[in-house]
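Trainee: The structure under discussion is supplied below as structure tokens; questions concerning it will follow.
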Amino acid sequence: MKSLTTSKFQFTGQTAVYNGKVRDVYSIGQDYLVMVASDRISAFDHILPKGIPFKGQVLNQVATLFLNATKDIVPNWLIGVPDPNVAVGYRCEPIRIEMVIRGYLTGHAWREYKAGKRILCGVEMPEGMRENEAFPAPIITPATKADEGHDEDISREEILAQGIVSEEIYLQLENYTRQLFQRGTEMAAERGLILVDTKYEFGLKDGKVMLMDEIHTPDSSRYFYADVYEELLAKNEPQRQLSKEFVRQWLIENGFQGLEGQQMPEMPDEFVELVTSRYIELFEKITGKAFEKQDVDSMDERIIRNTENFLKENNLV
Ligand SMILES: Nc1ncnc2c1ncn2[C@@H]1O[C@H](COP(=O)(O)OP(=O)(O)O)[C@@H](O)[C@H]1O
Ligand SMILES: [Mg+2]
């Protein structure tokens with residue numbers, strides 16, 4: 001099965017390329033971006049050795065859905081989606097933090113809690129909580145957005161002390177983060193899902209805060225199935241998840257947590273297929289629509305054609 005692992009396009013008006021872990025970001029002139037969602041998959045800040053067919057399409061289409069459904073809360077970068085794997089929008093000056101928000105004690109927060117920590121990013125976590133339990137109210141636990149290596153926890157106080165953003169803007173980010181998470185939670189609930197935690201990235205455009213990047217995708221968020229949540233919690237069993245956590249679990253079981261000296265395990269084809277089906281499952285669960293697999297035979301040509309047409313039709317070049 002074909003997957004899009006690297007893209008090397010040359011679009012009209014292209015001024016720069018940034019290859020992210022998952023997406024390839026092409027700058028068009030000074031003001032616009034073409035973001036190509038590849039089928040690469042990352043975990044523990046490492047890119048896994050094989051692509052996951054259709055993952056890029058899933059991510060791009062899920063992100064689009066949520067960006068369009070939250071425009072009333074905060075303006076976002078998206079202008080349009082010319083192709084299943086491509087999003088075009090405004091280039092922002094990134095604010096170098098990830099606004100992480102958690103409704104439940106799980107993943108990294110749980111690992112810290114289990115190790116005895118009760119304060120995460122300056123926020124207190126109540127005593128006596130169990131894994132996957134809901135916090136009394138969602139907590140915001142920001143992370144630095146490192147150019148290289150791991151993102152690290154950071155508190156509001158440290159963000160302000162380091163002058164990463166002004167207090168006025170930071171409070172605005174917190175406010176947007178809560179409202180977006182609330183909307184995401186409601187939309188997930190309509191589909192029988194719990195939005196467990198997620199992260200948002202913001203940037204500035206003409207001095208105003210804009211939501212950028214992808215939101216509420218399985219790469220940036222954790223989802224639990226709502227119907228079995230209480231039962232599994234009561235039994236202290238792992239939650240039924242729609243997220244990348246199972247990929248992380250698989251890596252841990254195979255001796256990899258992204259630490260120095262550890263070897264990335266080989267990925268059997270059956271595992272790749274399982275990951276594809278999980279991503280498609282998430283798409284269908286979250287959108288309530290059947291996933292339509294794009295034609296993957298001449299993906300590169302299609303992406304170039306669709307994107308070029310869009311840029312010209314919208315006078316972006
Ligand atoms: N509108 C935007 N303006 C500027 N940068 C953006 C915008 N939207 C997303 N980005 C950046 O593009 C990159 C997307 O690629 P990704 O694969 O997520 O990379 P990374 O490995 O940096 O997380 C991210 O670094 C993200 O911050
Ligand atoms: Mg990213």
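Trainee: Would you list the P(r) distribution for the chain, with all Cα-Cα distances sorted into 10 Å bins from 0 and each bin expressed as a whole %?
Mentor: Here the calculated profile for the chain is 5, 26, 36, 26, 7, 1.
Trainee: OK, next. Taking a cut-off of 17 Å, what percent of all Cα-Cα pairs in segment 87-138 are separated by more than that?
Mentor: For segment 87-138, the share of Cα pairs beyond 17 Å comes to 42 percent.
Trainee: Can you give the accessible area per residue of the chain, in Å², using a 1.4 Å probe?
Mentor: Value returned for the chain: 48 Å² of accessible area per residue.
Trainee: Continuing with this model, one more query. Search the structure for amide H atoms under 5 Å from the amide H of L242, placed 1.01 Å from N in the peptide plane, and list their residues when 5 or more places away or on another chain.
Mentor: Here Y223, F224, Y225 satisfy the definition.
Trainee: Ignoring ligands, DNA and RNA, how do T6, T307 rank by accessible area with a 1.4 Å probe, largest first?
Mentor: My answer, sorted largest first, is T6, T307.
Trainee: Taking the Kirkwood radius as the inverse of the mean 1/r across Cα pairs, report the Rg/Rh of segment 125-242.
Mentor: 1.00
Trainee: What is the sum of charges around K117, taking Lys and Arg as +1, Asp and Glu as -1, for the other residues whose C-beta is under 13 Å from the C-beta of K117?
Mentor: Charge balance in the 13 Å sphere: -1.
Trainee: Right, something else. Given a 1.4 Å probe and every protein chain left where it sits, what share in percent of the accessible area of segment 93-234 is carbon and sulfur?
Mentor: The C+S portion of the solvent-accessible surface of segment 93-234 is 47 percent.
Trainee: Cα centroid distance between segment 158-198 and segment 252-317, in Å?
Mentor: Taking the Cα centre of each part, segment 158-198 and segment 252-317 sit 25 Å apart.
Trainee: Rounded to the nearest 20 debye, what is the charge dipole size of the chain about its Cα centre when +1 sits on each Lys and Arg Cβ and -1 on each Asp and Glu Cβ?
Mentor: 300
Trainee: Which value at 222 nm does the chain reach when only helices count, each DSSP H run of 4 or more adding -39,500 (n - 2.57), with the total divided by all residues and rounded to the nearest 500 deg cm²/dmol?
Mentor: -10000 deg cm²/dmol
Trainee: Can you run phi through the Karplus equation (6.51, -1.76, 1.60; θ = phi - 60°) for segment 98-106 and list ³J(HN,Hα) in whole Hz, with x for Gly and Pro?
Mentor: Residue by residue, segment 98-106 yields 9, 8, 8, 10, 10, x, 9, 8, 8 Hz.
Trainee: Taking the mean number of other Cβ atoms within 10 Å as a proxy for protection, how do you rank 290-299, 269-278 from highest to lowest?
Mentor: 269-278, 290-299
The values are calculated or read from the model by the stated rules, or taken from the named source; none is laboratory data. Every value quoted in this text rests on a predicted model; they were computed, and no experiment measured them. Don't worry about glycine lacking a Cβ; one is built from the backbone with ideal geometry, like all the others, and counts go over all protein chains shown. Accessible surface areas use protein heavy atoms only, side chains included; no ligands, DNA or RNA. Shrake-Rupley method; radii C 1.70, N 1.55, O 1.52, S 1.80 Å.
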